[in-house]
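Below is one structure, written out as structure tokens; the observations come after it.
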Amino acid sequence: MTVLDLTHLNAVQKDYVQTIKKSSETLLTILNDILDLSKIEAGKMQLKPQPIYLENTLSKLYALFSQQAKIKNIEFNYLINPDVPMYMEADETRLLQILSNLTSNAIKFTENGTVNITIEKLRTTQKGTNIMKATISDTGIGMSQDQLPLLFNPFTQLDNSSTKSFSGTGLGLVISKQLCEMMNGIVGVKSKLGDGSTFWFTFEVPEIAPFEVENKNTNSPQLVVDFKGLKVLVVDDNLVNRKVATEILKNHNCQVDTAVNGKEAIEKITENDYEIVLMDIQMPIMDGIAATIEIKKNSTKKIPPIIAMTAYSMKEDRQKYLELGMDDYLPKPIRVESLLSKINEWVHKVDGLKPFSMIKESEIIENEGVVEEAVVNQLLKYGGKEGLLEMWEDFDIETSMLLKLSEFAFAKKDFTQLKSYIHTIKGSSGTLGITKVTKVATLLDNALQHESNKQVSDLLTQLHIAFHDFLVYYKK
Amino acid sequence: MVAEDSSVIQNLTKRILSFQNYEIISMKNGKEVLDYLDKNDADIILMDINMPVMNGIDCAKAVRALADKTKSSIPIIAITGNAQNHTVDFFHSIGINEFLPKPLNFDLLVELVNKYTQN
């Protein structure tokens, strides 16, 4: 997936890859967690609370299930009440686990309906923590009253006939209930046969001061660097590793050759002039260390630096490779950033070239995409720095409120009202040069002409993200 | 007078025009404008089109229909996010002198306000 993501994809494809990535990440975590059920039961499970930004958590959940909901023609929405403090300390994985369990159930038992998730704050405790409530309601098949008490028993699925039409282990609710209790919360359900189900749970979390949230929706930061045709030989017996390294390097304008073992590497190095060699250690026929020793011993021409690539990441290993003649060491799995900075380091170590500018792409997006410099300069002209910050603060206050109102208008399907809120956001962000927000608001404005629920809901989420990016930018 | 429901645009125009030594009165909707003009005066009105309670178009029409000749002829500059929804002719037909599209160009804003308050 890393390789796929590096190829030139159009926006839609990129979005799919992102979704797959996100989903697989989350699914993997959840799978592991399910294996932990025994741990809970043995009383060995411990929560690991960390600062989280609730909106992010919910958008992960959304990304995980939106495809599934779409396939079943389910309208899938989430709403965080305006009075909910977004920054809190919680074990996000466990919280997502409960939410995922309940959401996946809701989707499983619903066809052509609605699944709504709402988060609200119930109260603040005496010690200052908040009691939150999450509600997952669906318009699916529902359950009868006598079935409800069985729900939270292990391995109970209501339809126990051999022809049962729904898959699942029946563990989900049990795990959810136990995790929830660890968060000082309770789980509940309300349902009527044929008339949908509403599951809810509460959890206790301390509120924390706002922090900069790493935007998980963007790719991991990529380095923008042009190696101007640098000749690199990648030696690895593993096809995937060769492919990953090759793609990354080609994307940054390297000429890449590959070899599958030490012997082939020696042949290629003899015939060609490479500027850098990336060498795997464990390979059949001739391993990386033997090849390196051979190259350094026999070659009459200038030897390119040889960088070892290996999963052995002990400090002693590193020292060992250097002693055996490798010039440097790069841990596996290959990461874009570490690979590029390692290459960059060697490029100017060898030639005394001035270092290429290493700029994180995410920083460029932040700086160039969030606000428009021309407008910022205009604002500075009229108000100075202080004025600019005041105007941004105004925007922050107003837009925070408008976004919350927009969510409510959307939940009530009041498109006229929603449109007027989006209009205001579009106008003020445009005037203040908060480009990213303007772009999304404009798209949303257009989508509202067609009153397409799915699109509006997606764009509202994107608007939250764009606004959040602005907040991060301006608070810096 | 600045009639605008968004406090962002409100404060922004206030800041820019105060800088040019204008005295600013802020209104949140068309009705507030009319209520204010009932007892007071203004030299120019910057009027957002999209406002709650009473929008800019209805308000402009009502201002033009005021009995007091000085008040009914106060220059009105419309501010609009969706200029394409209305033609210049339409704005002129209801007595709006000029319009400024959003996003606002600050230089143009200052220029237009200066132009209409010259006399």
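The values are calculated or read from the model by the stated rules, or taken from the named source; none is laboratory data. Fair warning: this is a prediction, and the values are worked out from it, not measured in the lab. As a convention, Cβ positions derive from the backbone with ideal geometry for all residues, glycine included, and neighbour counts pool all protein chains shown.
How about the range A:366-414: which of its residues are aliphatic (A, V, I, L, M), over 18 Å from A:Asp469 (Cβ atoms) and at pLDDT 85 or above? Explain how you work it out, then say what you get.
Step one: list which residues in the range A:366-414 are aliphatic (A, V, I, L, M), which gives A:370-371, A:374-376, A:379-380, A:388-389, A:391, A:397, A:401-403, A:405, A:409, A:411.
Within this subset, residues satisfying the condition of being over 18 Å from A:Asp469 (Cβ atoms) are A:374, A:379-380, A:401, A:405, A:409, A:411.
Result: A:Met401, A:Leu405, A:Ala409.
Need the failing condition index for B:Leu108 against (1) closer than 21 Å to A:Ser428 by Cβ; (2) free of Cβ contacts under 8 Å to residues at least 24 places away in the same chain; (3) under 15 Å from the mean Cα position of the chain (by Cα); (4) surrounded by 15 or more Cβ atoms within 10 Å (Cβ to Cβ), just the number.
Exception for B:Leu108: condition (4).
State yes or no: is B:Val63 touching a helix residue (DSSP H, G or I) at 6+ places or on another chain (Cβ under 8 Å) and within 19 Å of B:Gln10 (Cα to Cα)? Spell out how you get there, then give the answer.
Details: touching a helix residue (DSSP H, G or I) at 6+ places or on another chain (Cβ under 8 Å): yes; within 19 Å of B:Gln10 (Cα to Cα): no.
Judged against the criteria, B:Val63 is not a match.
Going by the conditions given, is B:Ile16 touching a Lys or Arg at 6+ places or on another chain (Cβ under 8 Å), part of a helix (DSSP H, G or I) and closer than 28 Å to A:Trp392 by Cβ? Can you show your working first?
Working: touching a Lys or Arg at 6+ places or on another chain (Cβ under 8 Å): no; part of a helix (DSSP H, G or I): yes; closer than 28 Å to A:Trp392 by Cβ: yes.
So B:Ile16 fails the test.
Within the range B:87-105, take every residue that is at pLDDT below 85 and within 14 Å of another protein chain (Cβ to nearest Cβ) and give me the one that is surrounded by the most Cβ atoms within 10 Å (Cβ to Cβ).
Within the range B:87-105, the match that is surrounded by the most Cβ atoms within 10 Å (Cβ to Cβ) is B:Lys102.
Of the numbered conditions (1) farther than 25 Å from A:Lys192 by Cα; (2) surrounded by fewer than 22 Cβ atoms within 10 Å (Cβ to Cβ), A:Asn112 satisfies every one except a single condition; which is it?
Result: A:Asn112 fails condition (1) only.
Output the residues belonging to the range A:405-455 that are within 11 Å of chain B (Cβ to nearest Cβ), polar (S, T, N, Q) and within 27 Å of A:Glu390 (Cα to Cα).
Matches in the range A:405-455: A:Ser420, A:Thr424, A:Ser428, A:Ser429, A:Thr431, A:Thr435, A:Thr438, A:Thr442.
Could you tell me whether the range A:456-475 includes any residue that is surrounded by fewer than 19 Cβ atoms within 10 Å (Cβ to Cβ) and in a loop (DSSP other than H, G, I, E, B)?
no
Which of the residues belonging to the range A:242-298 are in contact with a Phe, Trp or Tyr (Cβ under 8 Å, 6 or more places away or on another chain) and in a helix (DSSP H, G or I)? Before the answer, list the steps.
Applying the first criterion (in contact with a Phe, Trp or Tyr (Cβ under 8 Å, 6 or more places away or on another chain)) to the range A:242-298 yields A:249, A:252-254, A:257, A:268, A:276, A:281, A:289.
Correct list: A:Leu249, A:Lys268, A:Ile289.
Return the residues of the range B:1-57 that are more than 10 Å from chain A (Cβ to nearest Cβ) and touching a residue at least 40 places away in the same chain (Cβ under 8 Å); say none if nothing qualifies.
B:Met1, B:Val2, B:Ala3, B:Tyr22, B:Ala42, B:Asp43, B:Ile44, B:Ile45, B:Leu46, B:Met47, B:Gly56
Looking at this structure, is B:Asp35 on the phi < 0 side of the Ramachandran plot, crowded, with 23+ Cβ neighbours inside 10 Å and at pLDDT 90 or above? Working first, answer last.
On the way: on the phi < 0 side of the Ramachandran plot: yes; crowded, with 23+ Cβ neighbours inside 10 Å: no; at pLDDT 90 or above: yes.
No; evaluated as a whole, the condition is false for this residue.
Checking A:Ala447 against (1) small (Gly, Ala, Ser); (2) surrounded by 20 or more Cβ atoms within 10 Å (Cβ to Cβ); (3) more than 25 Å from A:Leu380 (Cβ to Cβ), only one condition comes out false. Which one?
Going through (1) small (Gly, Ala, Ser); (2) surrounded by 20 or more Cβ atoms within 10 Å (Cβ to Cβ); (3) more than 25 Å from A:Leu380 (Cβ to Cβ) one by one, A:Ala447 breaks only (2).
So, in the range A:322-340, of the ones that are at pLDDT below 80 and assigned to a helix (DSSP H, G or I), which residue ends up nearest to A:Ile248 (Cα to Cα)?
Here the residue is A:Val336.
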